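Written below as C-alpha cells is the structure these notes are about.
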Amino acid sequence: MAVEIDGGVRGKAVALITMGCAKNEVDSQHMTRRLMAAGYRMEEDPSRADCIIVNTCSFIQSATEESLEAVFEVLGLDNVAAGAAKVVVAGCMPARYGAQLEESLPEANSFVPCSKEDDIVAVVDGLLGVVRGEGDEQPRYQAAGALPGEYGTYAYVKISDGCDRRCAYCAIPAIRGAYHSFPFAAIDGEVKRAVEGGAGEICLIAQDTGRWGQDFEEPLSLAWLMDELAARYPQTWFRVLYLQPEGVTDQLLAVMAARDNVCSYLDIPLQHVDKAVLRSMNRAGSREAFEALVERVQAAVPDVTLRTTLIAGYPGETEEQFEELLDFAAAGLFDYVGVFPFSPEEGTTACDLPDQWEEAVRMERAQELRDVADSASCAKVAERVGRSFPVLVEGREEDGQLFGRAMCQAPEVDGCTYLVSGEVGEKRTVTIGDTLFYEMEEE
C-alpha cells in the first residue's frame, strides 16, 4: 500500500553504510542531506531501518570484497530477511559492474551508481511506497544549513569528480566518468555549511584536485580556489589532498606560503619512481623529476609536510626497479608514505599486461616497502621534538586522553598529537615533547 505524505514520510527510517574513501563519505553526506530534507529519519542501526543503503567502493579488488561483505551482512539482517526493510546498493560497485552486479545480487532491491545518487530520494520513495503531495515530488535540493551532528572538527569537500588521466592500473574513469570541476558557488556553499557546523579544517578532495577549474569556459585554478577560500574563511584551515605532480604549480605554492590558514601540506601520489614503470602505468615522471619537484616545493614552502603513495609489485617490475623504489622511500624525502600492492583490476590495461607477479610476491614487496617507508617516516616525525606546531583539538579517547592534529597531520592517515589541555574545536600552538611512530605528544 502506498504511503501518502505531505512534506514528510512519517518516521520512515533509512540507514546508510559507507565503504571506502573520503570521497565516498562526502557522497554519503549529500545523500543523507537529501533524505533528511525529504523527511526521512536517519537510523544508525540498520536492523531498525526501513531502508538500508550501502554506499560501496570498488577502486581495488580488496575494497570490492569488503563492500560485498557489507552488502551480504545487511542482506542477512532479520528485518531484511523478513521483508520489512529494503536494500539499496549504491556508489562505485553499481557504476563499475552494472547489470552484472544486479544479476549476481537479486536479493538487493535497487542499484544506484554514482551518477544517479542525486536521485536517492526518488529511489527510496519508490521502494517504500511513498507518494508525495503536490509541490513535494522528489526533492532534489540540499538543506540550507548543517544537519545535527553532520560535522566534526574537520570536513571533506569535493571540488570535482571523475578523471581523464587513464592510468593503466586504475578503474576510476570507468566508475566516475569524465573529469568535471564543481562550480565555485557550490564549493563555497559546502565550505560555509561545514564551517557553520563547527568544522575547523576543510580538506579539499577529488580524484585530481590540481585540475580544478581548467575545464570552465573561463578557466580558473586550484591556486585561485585556495586563495579565495582562505580569504573568505580566515579562521579555518584549508588542506588540499590527491594532488598529482603536474598540479603542484608555483602559484599554488605561493598561496600556501602566503596564507597562514592554508596548511603547508601536499599529498602527491607518485606511485613509482622508475621511468619505465611509470610509462607502463601511463604516467609521467622519473626519480630525478620527483626529487627536483620536492626541492622546488621545499624552496617555496620551507616548512612543508609531504605525503605520497607508492605501488609495489607492478607487472614487469624488476628486482632492480623495486630496489630503486626502496632506495627512494629510504631517502625520506616524504614525511608520510602510503604503500599499496598492485591490484589487477578487471577492465584496466594493467590487468592484461604480461609478467604479472603472483599475489604473494606483490604482498611481500609491499610489506618490505612499507617497512622501509615507515622507518624513514618515524625518523622524520621524531625530528619534530622541540618544535612548535598549530594544533586543532579534536576530542578525548576512552581513557580521557585529550588529542588533536597538528597542521602537519592530515585526518585519518597521519596519526594524532596528544595534548595536555584544550577544548574541542580550539586551535592552539603546542611544543612537541616526544613522538612514538606517527603520534606526537605535547611537552
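In order along the stretch 43-60, the Karplus-derived 3J(HN,Hα) couplings, from 6.51 cos²θ - 1.76 cosθ + 1.60 at θ = phi - 60°, round to 10, 6, 8, x, 5, 10, 9, 8, 9, 10, 10, 10, 8, 8, 10, 9, 4, 9 Hz, and Gly and Pro are given as x. Under a straight-distance cross-link criterion of Cα-Cα below 15 Å, which aspartates and glutamates are reachable from Lys12, leaving out those fewer than 8 residues away in the same chain? The reachable aspartates and glutamates, counting only those whose Cα sits under 15 Å from Lys12, are Glu4, Glu43, Glu44, Asp45, Asp50, Asp125.
Just from its helices, what would the mean residue ellipticity at 222 nm be for the chain, if runs of 4 or more DSSP H residues each count -39500 (n - 2.57) and the sum is divided by every residue, rounded to the nearest 500 deg cm²/dmol?
That calculation yields -10500 deg cm²/dmol at 222 nm.
Based on other C-beta atoms within 10 Å, arrange Tyr179, Tyr314 from fewest to most. If I rank by nearby Cβ atoms, fewest first, I get Tyr179, Tyr314. Amide H to amide H distances under 5 Å link Met440 with Cys416, Thr417, Tyr418, where only residues 5 or more positions off or on other chains count and H is placed in the peptide plane. Note on the chain: antiparallel DSSP beta bridges, both residues inside, total approximately 30 percent of the bridges counted. Amide H to amide H, with H built 1.01 Å from N, Val130 comes under 5 Å of Val3, counting only residues 5 or more places away or on other chains. Looking at the stretch 388-442 alone, DSSP beta bridges between its own residues are antiparallel in about 90 percent of cases.
Just the projected area, averaged over all directions, of the convex hull on the alpha carbon atoms of the chain: how many nm²?
Approximately 22.6 nm², given one-decimal rounding.
Assuming a viscosity of 1.306 mPa s and a temperature of 10 °C, what translational diffusion coefficient in µm² per second does Stokes-Einstein assign to the stretch 3-131, Rh being the Kirkwood radius over Cα pairs?
Working: Rh = 14.5 Å.
Stokes-Einstein gives a translational diffusion coefficient of 110 µm²/s.
Quick one: His30, His272, fewest Cβ neighbours within 10 Å first, how do they rank?
The fewest-first ordering by Cβ neighbours comes to His30, His272.
For Ile53, the residues whose amide H sits under 5 Å from its own are Ala15, Leu16, Ile17, Val88, ignoring neighbours fewer than 5 places away on the same chain, with H placed 1.01 Å from N. The string of couplings for the stretch 171-188 from the Karplus curve (6.51, -1.76, 1.60, θ = phi - 60°) is 9, 4, x, 6, 8, 9, x, 5, 5, 8, 6, 7, x, 4, 4, 5, 5, 4 Hz, one whole number per residue in order, with x for Gly and Pro.
Any read-out appearing in this document is the output of simple, stated calculations on the displayed coordinates, not a laboratory observation. Since this is a predicted model, take the numbers as computed values, not measurements. Cβ: placed from backbone, ideal geometry, glycine included. Neighbour counts: every protein chain shown.
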